[in-house]
């Protein structure tokens, strides 16, 4: 009976996360469109989701380039990053040497540029990775797609990497 309840709970959770991702997908913006706005948006939420642990090697530097362009155009714009695929596992403490540049760039974004970086706790847990396995400069949220939607509800515009 317990296994049946666990399976139903898991399926319900997956359906919820999928529906949240679909909602976010319908309102994604392109960087060029945001840069052409006359008025500064409330903020920007970057979404990174891939199937490969090493994807942050290219995705975070690209995001940083986008952030520079956004801050050149809108110097005080609020920005956040959510990563919720396999790439988020590059940010674990055990991978800090393997992905030294990614960890360094993440620390710079979070600590120097005041840009929070969130990972998906649900996806991490599904892969047997606990919240404590991420360093303090990485925020582990309950669910990446829900976090994206929270930012969108605050008026942030979504840009997918």
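Scanning the stretch 63-86 for residues that are in contact (Cβ under 8 Å) with a residue 60 or more places away in the chain and under 24 Å from residue 127 (Cβ atoms) yields 63, 80, 82, 83, 84.
So, residue 49, is that one modelled with pLDDT of 90 or more, over 14 Å from the mean Cα position of the chain (by Cα) and surrounded by 15 or more Cβ atoms within 10 Å (Cβ to Cβ) or not? Can you show your working first?
Details: modelled with pLDDT of 90 or more: yes; over 14 Å from the mean Cα position of the chain (by Cα): no; surrounded by 15 or more Cβ atoms within 10 Å (Cβ to Cβ): yes.
No.
Residues in the stretch 135-154 that are farther than 10 Å from residue 45 by Cβ and either crowded, with 17+ Cβ neighbours inside 10 Å or touching a residue at least 24 places away in the same chain (Cβ under 8 Å) (or both): 135, 137, 138, 139, 140, 141, 143, 144, 145, 146.
Suppose the filter is modelled with pLDDT of 95 or more and under 15 Å from the mean Cα position of the chain (by Cα); does residue 70 pass it? Let's see the steps before the verdict.
Working: modelled with pLDDT of 95 or more: yes; under 15 Å from the mean Cα position of the chain (by Cα): no.
So residue 70 fails the test.
The values are calculated or read from the model by the stated rules, or taken from the named source; none is laboratory data. Fair warning: this is a prediction, and the values are worked out from it, not measured in the lab. Cβ atoms come from the backbone with ideal geometry, glycine included; neighbour counts cover every protein chain shown.
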